[in-house]
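Student: Below is a structure I'd like to ask you about.
The values are calculated or read from the model by the stated rules, or taken from the named source; none is laboratory data. Only a predicted model underlies this, so the values are computations on that prediction, with no experimental measurement involved. Cβ atoms come from the backbone with ideal geometry, glycine included; neighbour counts cover every protein chain shown.
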Amino acid sequence: MTTGASLTASERQLLGRALTTATVMTHVTPDGPLAKAVELIVADRLPGGVDTLSELRSKGNARRDRWHTPDTEPWTGADWSNAMCGEAGEAANVVKKIRRVETGTGHHLPDTTEHAQLIRNLALELADTIAYADLLAQHYGIDLRVAIAEKFNIVSEREGFPERITVPRPDVDHG
Ligand SMILES: [Mg+2]
């Protein structure tokens with residue numbers, strides 16, 4: 001299943017049982033159109049199935065409005081893009097520190113614990129970057145989930161690669 005990796009183990013088990021039952025009852029193949037339709041419906045609805053970007057949008061908007069209250073000057077596209085690039089810079093700075101550890105540069109000796117902590121820091125800075133990317137996208141009326149899928153597919157098509165991402169419906173899963 002293309003979206004199975006995003007489901008929890010119990011959700012996958014439940015979906016598997018449902019598909020088996022549907023297959024027996026309707027004599028369709030597990031990879032047929034019905035199974036595909038059920039898979040897409042479930043992937044859109046199940047908690048944890050999809051999708052962090054949608055939740056980031058709804059919860060991120062609520063949190064943005066705590067900081068950006070009506071009595072503050074609204075941020076422009078330049079402000080949001082600056083914030084996003086600032087976080088990307090923080091991520092790059094962490095990578096600089098990772099490379100110091102990896103290469104033993106300066107006073108750094110290879111240190112597994114420090115390396116693991118830096119990788120964790122990198123994950124958090126990358127997450128900040130994505131959070132601001134979504135806020136920047138929203139500022140210009142862009143659905144980032146749709147844009148990610150569309151752009152991925154454009155590049156795959158251009159390069160003649162078979163990988164495709166299902167383009168989500170822009171009007172669902174934002175709450
Ligand atoms: Mg940060």
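Student: Check 160, 89 and return the single one that is of a type outside the set (Val, Ile, Thr) and within 16 Å of the ligand (Cβ to nearest atom).
Tutor: 89
Student: Just to verify a result, which residue in segment 60-86, among those that are under 28 Å from residue 116 (Cβ atoms) and at pLDDT 95 or above, is nearest to the ligand (Cβ to nearest atom)?
Tutor: The extreme case among them is 86.
Student: While we're on this one: Would you say residue 76 is among the hydroxyl-bearing types (Ser, Thr, Tyr) and within 15 Å of residue 137 (Cβ to Cβ)?
Tutor: Judged against the criteria, residue 76 is a match.
Student: Listed residues 155, 167; which is more than 16 Å from the ligand (Cβ to nearest atom), at pLDDT below 95 and of a type outside the set (Ser, Thr, Tyr)?
Tutor: Just one listed residue meets the conditions, 167.
Student: Under 8 Å between Cβ atoms, at least 6 apart or on separate chains: pull out the pairs that start in segment 60-72 with a residue that is more than 17 Å from residue 143 (Cα to Cα) and end on any residue that is of a type outside the set (D, E, K, R) and exposed (fewer than 10 other Cβ atoms within 10 Å of the Cβ).
Tutor: Pairs that qualify, where the first residue is more than 17 Å from residue 143 (Cα to Cα) and the partner is of a type outside the set (D, E, K, R) and exposed (fewer than 10 other Cβ atoms within 10 Å of the Cβ), are 68/74.
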